[in-house]
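For reference, the structure is listed below as structure tokens.
The values are calculated or read from the model by the stated rules, or taken from the named source; none is laboratory data. Remember, it's a predicted structure, so these values are computed and weren't measured experimentally. All Cβ positions, glycine included, derive from the backbone under ideal geometry; neighbour counts span all protein chains shown.
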Amino acid sequence: MNNKVVIIGCGNVGMSYAYSLINQKTKVTELVLIDINFEKAIGEAMDLNHGLAFAPGKIKIKAGDYSDCNDAVVVCICAGANQNKGETRLDLVYKNKQVFENIINKVTQSGFNGIFLVATNPVDIMTYITYKISKFPKEKVMGTGTVLDTARLRFLIGEKLNICTKNIHAYVVGEHGDSEFVPWSNAYVGCVKMENFLSKDVLEAISLEVKMAAYDIIEKKSATYYGIGMVLTRITNAILDNENSILTVSNYNEEYGIYVGMPVLVNKKGINKNFNINLTKEEQAKFAESANIIKEIT
């Protein structure tokens, strides 16, 4: 089976994703790189190919064009402006909307019928824009949402408790941005409530650290890309392996008419099932606030 993945945008995020794909065991058989700078795409493909002797699997890698999207399983959009110091993710929407119109029209004209995966910020809004322009079914369009935020959360809790992050069951939900939050009422270590391990003050401090992580990284090294690259690989594996994994990707919320990060099942069909998690009244208010911020910009 030909599991082709096309990455549009060969910047730091796109290439961190590509590098992560070839260094992990995946079912990807072909990787195509598309960039406005075709020579850069060629150079990146060459560089990746030269390391395949040490990769866990064989992947055909090349620079390509939009016609290559025709038989792709996943088209991942990483193109767009970066978040600069002092900017919020929402500041990027106006820069990136026109870029997306051009990209998505070219992808759909190729005959592509796979799954759109969006990494470009503000990811919830750019995922919604992808859905509207492509006219694809809602379940076949998703963004990285709060998957990276959730990974950051689990890392911090695991470090604090000296417990493997795989045994930390907690999620960041809402906008991938300043209004995101942790519904602590649904957070567990193993099968034990999180509140039995950490005080409310500590939990809030961890939540704030997660929220500020991207700003801190951008201040120190100008951009974030390794973490999101691995997130994209995680989502891709969930699709290609038909995992039915629970991930907080950007998915369509019927109540608000937006894309937002909430736990859903991800498999080869895309988004297979939404989970109606029980939120406290305080958490419901936080989610409404977050959703309305996205809706105002959308």
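Below are the figures for this structure:
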| item | result |
| --- | --- |
| Answer residue from region 19-29, given it is touching a strand residue (DSSP E or B) at 6+ places or on another chain (Cβ under 7 Å) and touching a residue at least 60 places away in the same chain (Cβ under 8 Å) and is farthest from residue 81 (Cα to Cα) among those | 28 |
| Given (1) outside any loop (DSSP other than H, G, I, E, B); (2) under 15 Å from residue 9 (Cβ atoms), index of the condition residue 151 fails | (2) |
| Region 155-165, subset touching a residue at least 12 places away in the same chain (Cβ under 8 Å) and not β-branched (Val, Ile, Thr), residue surrounded by the most Cβ atoms within 10 Å (Cβ to Cβ) | 156 |
| Subset of region 30-55 (residues that are surrounded by fewer than 18 Cβ atoms within 10 Å (Cβ to Cβ) and either touching a residue at least 60 places away in the same chain (Cβ under 8 Å) or aliphatic (A, V, I, L, M) (or both)) | 36, 42, 46, 52, 53, 55 |
| Test: residue 21 is among the aliphatic types (A, V, I, L, M), at pLDDT 95 or above and loosely packed, with under 15 Cβ neighbours inside 10 Å | no |
| Wholly within region 59-120, strands (runs of 3 or more DSSP E) carrying at least 3 residues that are closer than 18 Å to residue 237 by Cα | 74-77, 115-118 |
| Residue count, region 164-200 (criterion: of a type outside the set (Phe, Trp, Tyr), in a loop (DSSP other than H, G, I, E, B) and farther than 18 Å from residue 264 by Cα) | 8 |
| Flag for residue 111 being at positive phi, surrounded by 16 or more Cβ atoms within 10 Å (Cβ to Cβ) and not assigned by TED's automatic domain parsing to the domain that holds residue 273 | no |
